[in-house]
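The values are calculated or read from the model by the stated rules, or taken from the named source; none is laboratory data. Not measured: the values here are computed from a predicted model. Reconstructed Cβ throughout: ideal geometry from the backbone, glycine too, with neighbour counts over all protein chains shown. These area figures cover heavy atoms from the full protein model, side chains too; ligands, DNA and RNA do not enter into them. Shrake-Rupley method; radii C 1.70, N 1.55, O 1.52, S 1.80 Å.
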Amino acid sequence: MDRRGTLIATILASSLAFVLGSIVTVALPQMQASFNAGPTGAQWIVTAYLLPLGAFVLMGGALGDHYGRKRVFEAGLLLFAATCLMCALAPSFPILMVARALEGLAAALIAPTSLAIIANTFTGPARGRAVGTWAGVGAAAGALAPVLGGVIVDLAGWRWAFAAMAPIALTAWWVARDAIRESRADGAAGAPLDWTGAALISAGLLALVWGLVALPDRGLTVEVMAALVAGAALVVGFVWVEANKGDLAMTPLRLFRDRVFSGLTLFTFALYAALGGLMLLLPYMLIQSQGYSATAAGAAMLPFPLILAVLSRVAGGPLADRFGARRLLTVGAGLVAGGFALFAVIPGTGVSYAVHILPPLVVLALGMSLAVAPLTNAVLGSAGERHAGVASGLNNAISRIGGLLATALLGLVLLSNDLVTGFATAAWAGVALALISAVIAATMLRADT
């Protein structure tokens, strides 16, 4: 086993999500125009990826625990490379949607297994430093992506931005072949996989998200109401099935008996629901409303991932060891709420980057820097070695689902005549969610977390 190679492979793989998300945010208006897609089409370009990622990331962790984390991790990387090329070559909007969905499925195999591999390879303080490095370098990749992606989009078009992702995925696969050792959860090889649970949660999320995306455009029609009710019923059915399967469930509900794990899950959902929608909407607003080019919009986002990259390793190691995750998560979420509050008072006209965009981005980045690495490390620690893959998958799923639901509701803003005012309204929602996260961290986590 090569620890350095393991960290390089998992960082490269995990960076794919940062990089791809950053590129899509600056490429979205051009993709929308390329296929003559309206505001709802723009939502589905993002949602088609997030939906299978949120729905199947739990199964991705379970597959890694069952068949081998390295095997599933490598399969995800090969699929990701292939689907990036499929996106780049998509001749029509429906084919692009299929490619984006398969891309999300690939990411669902990569995300939980990469964290489980780190948890299996590193222990004690070394794990905190490894997770901090993983988060920091991933954020650094995300820092360069919007600028480089914007340059590619402006000079060559959005298709080449997707094509550029394939070599990164293949490089991670090549390093992983020799560096990572195979690992499974104890006793997982003979346990059946929970396909029923996977089907229920996937169908439930699909129905809910379709209903939320269609709601601003269609209104509360019979079809929309039926989708929302059916989605809620399927999610309830998923919880019932998981409760009756015990440790054989895709999501062992006994994990939630631990107050700390439950608190971390709620914290993750609220924080990433706040962050997901607004961070997608900001570059879109800059391009569509303020006249920024894709390159300029990418450069405008640069301070956020740069600060995250520099500070994540410190927060995941020395700061977490000294102050504990509870304090860092509480303060971090409070700073995120402050950043959103600054965004919420953006004026309707005369928007200045130095006055109205940069300061909130810096405050948001400081808050997320204190939260990301300690949150991930605390989740892995609270679940234990046996459920490392499932726990990392669950935490990733919760963060994706939070961002997915926020993205689904962005139609209320995208369909409005004033993007800036809609952006400010969305920022107030972010303030509320971030404050909820801070309260959860302060009240549900132990002092020694």
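Close contacts from segment 225-251, counting a first residue that is under 18 Å from TRP210 (Cβ atoms) and a second that is aromatic (Phe, Trp, Tyr) and open to solvent by 60 Å² or more (accessible area, probe 1.4 Å), with Cβ to Cβ under 6 Å and a gap of 6+ residues or different chains, come to ALA227/TRP210.
Scanning segment 18-54 for residues that are open to solvent by 30 Å² or more (accessible area, probe 1.4 Å) and either modelled with pLDDT of 85 or more or part of a helix (DSSP H, G or I) (or both) gives PHE18, GLY21, GLN30, ALA33, SER34, PHE35, ASN36, PRO39, THR40, TRP44. Can you give me the number of residues within segment 319-346 that are open to solvent by 40 Å² or more (accessible area, probe 1.4 Å), at pLDDT 85 or above and more than 19 Å from ALA438 (Cα to Cα)? Total meeting the criteria: 1.
Of the residues examined, ALA62 is one that is farther than 25 Å from MET301 by Cβ and either among the hydrophobic types (A, V, I, L, M, F, W, C) or surrounded by fewer than 20 Cβ atoms within 10 Å (Cβ to Cβ) (or both).
I'd like to know if segment 178-199 contains one or more residues that are small (Gly, Ala, Ser) and over 20 Å from ALA116 (Cβ atoms). Yes, the conditions are met somewhere in segment 178-199.
Answer yes or no as to whether PHE80 is open to solvent by less than 20 Å² (accessible area, probe 1.4 Å), more than 26 Å from MET279 (Cβ to Cβ) and either in contact with a His (Cβ under 7 Å, 6 or more places away or on another chain) or of a type in the set (Phe, Trp, Tyr) (or both). The answer is no for PHE80.
Residue-by-condition table, conditions (1) more than 22 Å from the chain's Cα centre (by Cα); (2) in a helix (DSSP H, G or I); (3) surrounded by fewer than 23 Cβ atoms within 10 Å (Cβ to Cβ); (4) at pLDDT below 85:
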position: ARG181; (1), (2), (3), (4): yes, no, yes, yes
position: ARG184; (1), (2), (3), (4): yes, no, yes, yes
position: GLY187; (1), (2), (3), (4): yes, no, yes, yes
position: ALA199; (1), (2), (3), (4): no, yes, yes, yes
position: MET225; (1), (2), (3), (4): yes, yes, yes, no
position: VAL241; (1), (2), (3), (4): yes, yes, yes, no
position: THR251; (1), (2), (3), (4): no, no, no, yes
position: THR268; (1), (2), (3), (4): no, yes, no, no
position: ALA273; (1), (2), (3), (4): no, yes, no, no
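The set of residues in segment 417-447 being buried (at least 18 other Cβ atoms within 10 Å of the Cβ) and of a type in the set (Lys, Arg) is empty. Against the conditions (1) at pLDDT 85 or above; (2) within 25 Å of PRO216 (Cα to Cα); (3) under 20 Å from the mean Cα position of the chain (by Cα); (4) not basic (Lys, Arg), PHE93 satisfies every one except (3). List pairs: first residue in segment 72-86 and closer than 19 Å to ARG159 by Cβ, second residue among the charged types (D, E, K, R) and open to solvent by less than 10 Å² (accessible area, probe 1.4 Å) anywhere in the structure, Cβ distance under 6 angstrom, at least six positions apart or on different chains. These pairs meet every condition: THR83/GLU103.
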